[in-house]
1. Checking the condition touching a helix residue (DSSP H, G or I) at 6+ places or on another chain (Cβ under 8 Å) and free of Cβ contacts under 8 Å to residues at least 24 places away in the same chain, which residue from 84, 42 passes?
2. Out of everything in segment 86-110 that is away from ligand 2 (no atom under 16 Å from the Cβ) and part of a loop (DSSP other than H, G, I, E, B), what residue ends up being nearest to residue 66 (Cα to Cα)?
3. Of the residues 6, 28, which is touching a residue at least 60 places away in the same chain (Cβ under 8 Å), of a type in the set (Phe, Trp, Tyr) and either within 11 Å of ligand 1 (Cβ to nearest atom) or open to solvent by 60 Å² or more (accessible area, probe 1.4 Å) (or both)?
4. Can you tell me which of (1) at pLDDT below 95; (2) in contact with a Phe, Trp or Tyr (Cβ under 9 Å, 6 or more places away or on another chain) is the one residue 26 doesn't meet?
5. Return yes when residue 104 is away from ligand 1 (no atom under 12 Å from the Cβ), more than 23 Å from residue 22 (Cβ to Cβ) and touching a residue at least 24 places away in the same chain (Cβ under 8 Å) and no when it is not.
6. Quick check on my filter: what residues within segment 9-25 are more than 7 Å from ligand 1 (Cβ to nearest atom) and in contact with a Lys or Arg (Cβ under 7 Å, 6 or more places away or on another chain)?
7. Given 34, 22, which one is within 19 Å of residue 110 (Cβ to Cβ), among the hydroxyl-bearing types (Ser, Thr, Tyr) and open to solvent by less than 50 Å² (accessible area, probe 1.4 Å)?
8. Determine which single condition residue 50 fails, assuming it passes every other condition in (1) surrounded by 12 or more Cβ atoms within 10 Å (Cβ to Cβ); (2) on the phi > 0 side of the Ramachandran plot.
Amino acid sequence: MDNCIFCKIIKKEIPKDFNYESENLVVFPDINPSADLHLLIVPKMHIGGIGEIGEEQTKLLGEIYAIVNKLVLENKLTDDAYRVVVNGGKAQHVPHLHFHLLGGQWKKFI
Ligand code: 5GP
Ligand code: ZN
């Protein structure tokens, strides 16, 4: 979608190193981290937010949580604190569905 910052990152119109990439999603660090580890898990398909998730996204949601778990294990977060956050409404600033993985010490509310 035009003018969507995350679509531009996914299409590499804005250079960004990905921690992980598959056919359906990318993972990259948040530019303004709210915790020691703050990664964004972003579907490549432009889905505006929770309200645009349909039944056809069931498989994608499963893949997202499988990748979250892989990132949790890789970053040894199982014995530490971690959270997965999806913002909506006025709390959502980028209108392209994304999952925040926040690990370790919490710095600020997102
Ligand atoms: P939201 O408030 O929509 O849930 O979260 C959007 C997140 O995207 C924020 O935590 C913000 O710091 C992050 N963000 C916004 N623009 C960019 C960008 O250009 N690059 C990266 N890596 N993160 C961004
Ligand atoms: Zn987008």
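The values are calculated or read from the model by the stated rules, or taken from the named source; none is laboratory data. None of these values were measured; they are calculated from a predicted model. So basically every Cβ, Gly included, is an ideal-geometry build from the backbone, and we count neighbours across all protein chains shown. Only protein heavy atoms, including side chains, enter the accessible area calculation; ligands, DNA and RNA are left aside. Shrake-Rupley method; radii C 1.70, N 1.55, O 1.52, S 1.80 Å.
1. 84
2. Ranking the candidates gives 110 first.
3. Result of the check over 6, 28: 6.
4. With (1) at pLDDT below 95; (2) in contact with a Phe, Trp or Tyr (Cβ under 9 Å, 6 or more places away or on another chain) applied to residue 26, the lone miss is (1).
5. Yes; evaluated as a whole, the condition is true for this residue.
6. 10, 24, 25, listed by residue number.
7. Exactly one residue qualifies, and that residue is 34.
8. Status for residue 50: all satisfied but (2).
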